[in-house]
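Read the structure below first, then the notes.
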Amino acid sequence: MLGSFSFAINIFFILLIGLLTSYEDVKKNRISNRYIALAVIIAFLTNVVDSFLEPAPAETKSLYLQTTLLNASVSFFVGMLLWKMQVWRAGDGKLFFAYSFLLPVSAYYYGFIPLFPSFAILINSLTPIFIILCLNVWVATSSSEKFEILKRTANLKSILYMLLSLISLQWMISIAFKYLSLDVTSSSYLSMLLLLLLSNSFQEMLYEISPPLVLLRLLLDSQFLSYAFLTQLLLPFLVFAIALAFITNLASFRFNERVKIAHLKPNMCCVERVARKGGFYVRVATAKKPLKLNYDGLTVDDIKKLKQMSREGKLKFDELVVKQTIPFAPFLFLGVLLTIILKGDVITYIKLLVI
């Protein structure tokens, strides 16, 4: 609904912020908050304030504003969720939110999801990463590592439970948001996001309640077994399940390494946490009260603190597992550019070309 001038301003700042954050992330392994703040300010002025000034009916303005703010809110939540799940860093999550708020919702068309149009940016950003990781496996891993990754990825029991969970969640979402008239693909994408959220803390419960829910759905809504429904549900699911399992298992082989305390460097991302146990400090996977460090990117002071504690004999370890982080900013920039060019996500676009 934005005028062409405001739309052009948004695209200009997307290009500017994309170039600046990509350069900074590659060179310095960080994303400055000032770029995020700039994007949010411009987005507020154009997508919120200027939308009221456009010559359009009040209902159209209200719908545009609601969609914009809802999309921005969901994007912020998803960005922080993926940070908590250690898919990317906090700065990447904030940058995703900034792009989602800055890109007008009128730019989305193919695969449009009313609750979360910016899911297209997420798909378009993660797809190139998945391709690069596949090439990395082929070139950089040994035969035994390839076999182990494929074996873990092709865990039929886990995939079956994930599929049952997805079918039940998709049904619940379709009922809950019936007034939005979500198509199968849109509700499937939202189900995947919800599955990511719940599987972190409620995986066992989800796996227990999903089979009876699927049976109940079979009795009440047998049309979900139709060919059209299954093709729209299964294609996104297969991409989601295989990519998630593949990337998760690949990370344990190629993107984690042990670094001596003496060799730690600023901005290194720690996979482990440091927690007090008795009179000493130990390494743990998670901790309610970990030692206060910036685990997403160690600072100079953090490293000095760890080295001092090591010299004083307070640490029961001499190395930490750190993640070899991928600069996400360039991929997010590529993702938003693809979204603008394709007017949606690449998977939906390819499906339309094939069909």
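The values are calculated or read from the model by the stated rules, or taken from the named source; none is laboratory data. Just so it is clear, the model here is predicted, and its values are computed rather than measured. Positions of Cβ are backbone-derived with ideal geometry, glycine not excepted, and every protein chain shown enters the neighbour counts.
Is at least one residue of the range 44-56 over 25 Å from Val26 (Cβ atoms) and touching a residue at least 60 places away in the same chain (Cβ under 8 Å)?
no
Between residues in the range 282-302 that are without any contact (Cβ under 8 Å) to a residue 40 or more places away in the chain and closer than 15 Å to Val321 by Cβ and residues that are among the small types (Gly, Ala, Ser) and surrounded by 11 or more Cβ atoms within 10 Å (Cβ to Cβ), which pairs lie under 6 Å by C-beta distance while being six or more apart or on different chains?
From residues that are without any contact (Cβ under 8 Å) to a residue 40 or more places away in the chain and closer than 15 Å to Val321 by Cβ, the pairs are Val284/Ala275; Ala287/Ala275; Pro290/Ala275.
Looking only at strands (runs of 3 or more DSSP E) that fall completely inside the range 260-355, which ones have 3 or more residues that are closer than 30 Å to Phe130 by Cβ?
Qualifying strands (runs of 3 or more DSSP E): 319-323.
Among what's in the range 65-98 and is under 23 Å from Leu15 (Cβ atoms) and not in a helix (DSSP H, G or I), pick the residue that is farthest from the chain's Cα centre (by Cα).
Arg89
Kindly establish whether Leu150 is surrounded by fewer than 14 Cβ atoms within 10 Å (Cβ to Cβ) and at pLDDT below 70.
Spelling it out, Leu150 is indeed surrounded by fewer than 14 Cβ atoms within 10 Å (Cβ to Cβ) and at pLDDT below 70.
Working only within the range 99-115, note down all residues that are assigned to a helix (DSSP H, G or I) and of a type in the set (A, V, I, L, M, F, W, C).
Phe101, Leu102, Val105, Ala107
Would you point out the residue of the range 37-60, among those that are among the β-branched types (Val, Ile, Thr) and buried (at least 19 other Cβ atoms within 10 Å of the Cβ), that is nearest to Ala107 (Cα to Cα)?
Thr46
Evaluate the following for Leu156: is it modelled with pLDDT under 75, within 23 Å of Thr348 (Cβ to Cβ) and not β-branched (Val, Ile, Thr)?
Against the criterion (modelled with pLDDT under 75, within 23 Å of Thr348 (Cβ to Cβ) and not β-branched (Val, Ile, Thr)), Leu156 does not qualify.
For the subset of the range 1-29 comprising residues that are crowded, with 17+ Cβ neighbours inside 10 Å and outside any helix (DSSP H, G or I), which member is modelled with the highest pLDDT?
Looking at the filtered set, the residue picked out is Asn29.
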